[in-house]
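Undergrad: A single structure is presented below for examination.
The values are calculated or read from the model by the stated rules, or taken from the named source; none is laboratory data. All values derive from a computational prediction rather than experimental measurement. Counting neighbours? That spans all protein chains shown, and the Cβs are built from the backbone with ideal geometry, glycine included.
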Amino acid sequence: MNARIVFPLLLVASLSACVSQSTYKQEVQQVDTLSVQNKAYAQLTQQLQTEIQADQVKIKQLEGRLTVTLVDEIVFSSGSAEMNMKGRATIDKIVGTLQNAAGKRIVVEGYTDNTPIGPGLRSRYPTNWELSTARACDVVRYLQAAGIDPVRLEAAGFGEYQPVAANDTPAGRSQNRRIDIVLMDMGLK
């Protein structure tokens, strides 16, 4: 074959297999992100094995988010916005993994059921929204005190407005009272 024909064919073949530098960097970053997330998932699953078996904690990975869901009884006493001893002990198990998840934002999300706040707490927390936010903030303060960079931390309260189960049974209400600790890339919303 003539050299003038072979060279252009090789050039076209090699260029069609190439990706742009930005695409390559994006793909490498996605692989790194998944690697960090998979490592954190494995560590969290191991660290929280007892709580997972007791159905007090659930861990899931979905769409770039790693979520640790803690049922409220393990973290807070009924009507309280201050973590109990078991909640602090559970969080202590995962602080190291959260610290080592470099480049990850940690969003603590508080949720409640739709049962109205009792009269004893109503002056401090007029609605479930305030209670869920106060609980998320308490967890964030604890994580910061444990050494996690506050730049990586966020708190959000959703009250009763994002239920995962129907609120018409005790079991459903129990599922809705929860704290989610979500790890995601710093740039994601």
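Undergrad: Tally up the residues in the stretch 75-86 that are surrounded by 21 or more Cβ atoms within 10 Å (Cβ to Cβ) and without any contact (Cβ under 8 Å) to a residue 24 or more places away in the chain, please.
TA: Adding up the residues that qualify gives 0.
Undergrad: If only one of Q26, Q30, Q47, Q37 is polar (S, T, N, Q), at pLDDT below 85 and within 26 Å of C137 (Cα to Cα), which one is it? Before you say what the answer is, go through the steps one by one.
TA: Values: Q26 fails: within 26 Å of C137 (Cα to Cα); Q30 fails: within 26 Å of C137 (Cα to Cα); Q47 fails: at pLDDT below 85.
It is Q37.
Undergrad: State all residues of the stretch 136-160 that are closer than 27 Å to I117 by Cα, out of contact with any helix residue (DSSP H, G or I) (no Cβ under 7 Å at 6 or more places or on another chain) and of a type outside the set (A, V, I, L, M); if no residue qualifies, say none.
TA: Across the stretch 136-160, the qualifying residues are C137, D138, R141, E154.
Undergrad: V140 is checked against (1) of a type in the set (A, V, I, L, M); (2) assigned to a helix (DSSP H, G or I); (3) touching a Ser or Thr at 6+ places or on another chain (Cβ under 7 Å) and fails just one. What number does that condition carry?
TA: Only one criterion in (1) of a type in the set (A, V, I, L, M); (2) assigned to a helix (DSSP H, G or I); (3) touching a Ser or Thr at 6+ places or on another chain (Cβ under 7 Å) is unmet by V140, namely (3).
Undergrad: Kindly indicate which of G157, G110 is crowded, with 19+ Cβ neighbours inside 10 Å, under 21 Å from L44 (Cβ atoms) and at pLDDT 95 or above.
TA: G110
Undergrad: Also: What about E160, is it more than 27 Å from Q49 (Cα to Cα), touching an Asp or Glu at 6+ places or on another chain (Cβ under 7 Å) and not in a helix (DSSP H, G or I)? Working first, answer last.
TA: Details: more than 27 Å from Q49 (Cα to Cα): yes; touching an Asp or Glu at 6+ places or on another chain (Cβ under 7 Å): yes; not in a helix (DSSP H, G or I): yes.
Yes, satisfied.
Undergrad: If you take the residues of the stretch 124-139 that are closer than 7 Å to G159 by Cβ and touching a strand residue (DSSP E or B) at 6+ places or on another chain (Cβ under 7 Å), which of them is surrounded by the most Cβ atoms within 10 Å (Cβ to Cβ)?
TA: Residue satisfying both the conditions and the ranking: S132.
Undergrad: For the stretch 67-84, how many residues are modelled with pLDDT of 95 or more and aliphatic (A, V, I, L, M)?
TA: Total satisfying the criteria: 3.
Undergrad: Moving to a separate point now. Evaluate the following for R173: is it within 17 Å of the chain's Cα centre (by Cα) and among the basic types (K, R)?
TA: Answer is no for this residue.
Undergrad: Continuing with this model, one more query. Check off (1) surrounded by fewer than 18 Cβ atoms within 10 Å (Cβ to Cβ); (2) assigned to a helix (DSSP H, G or I); (3) not small (G, A, S) for R173 and give me the number that stays unchecked.
TA: Result: R173 passes all but (1).
Undergrad: With the requirement that a residue be closer than 24 Å to Y125 by Cβ and under 14 Å from the mean Cα position of the chain (by Cα), what does the stretch 72-105 give you?
TA: I91
Undergrad: Pull out all pairs, ordered by first then second residue, where Cβ-Cβ is under 6 Å, the residues are six or more apart or on different chains, the first lies in the stretch 142-168 and is without any contact (Cβ under 8 Å) to a residue 60 or more places away in the chain, and the second is part of a strand (DSSP E or B) and aromatic (F, W, Y).
TA: Here the result reads F158/Y111, each pair linking the stretch 142-168 to a residue that is part of a strand (DSSP E or B) and aromatic (F, W, Y).
Undergrad: Tell me whether the stretch 113-124 contains one or more residues that are among the hydrophobic types (A, V, I, L, M, F, W, C) and either in contact with a Leu (Cβ under 6 Å, 6 or more places away or on another chain) or not in a loop (DSSP other than H, G, I, E, B) (or both).
TA: Scanning the stretch 113-124, I find no residue that is among the hydrophobic types (A, V, I, L, M, F, W, C) and either in contact with a Leu (Cβ under 6 Å, 6 or more places away or on another chain) or not in a loop (DSSP other than H, G, I, E, B) (or both), so the answer is no.
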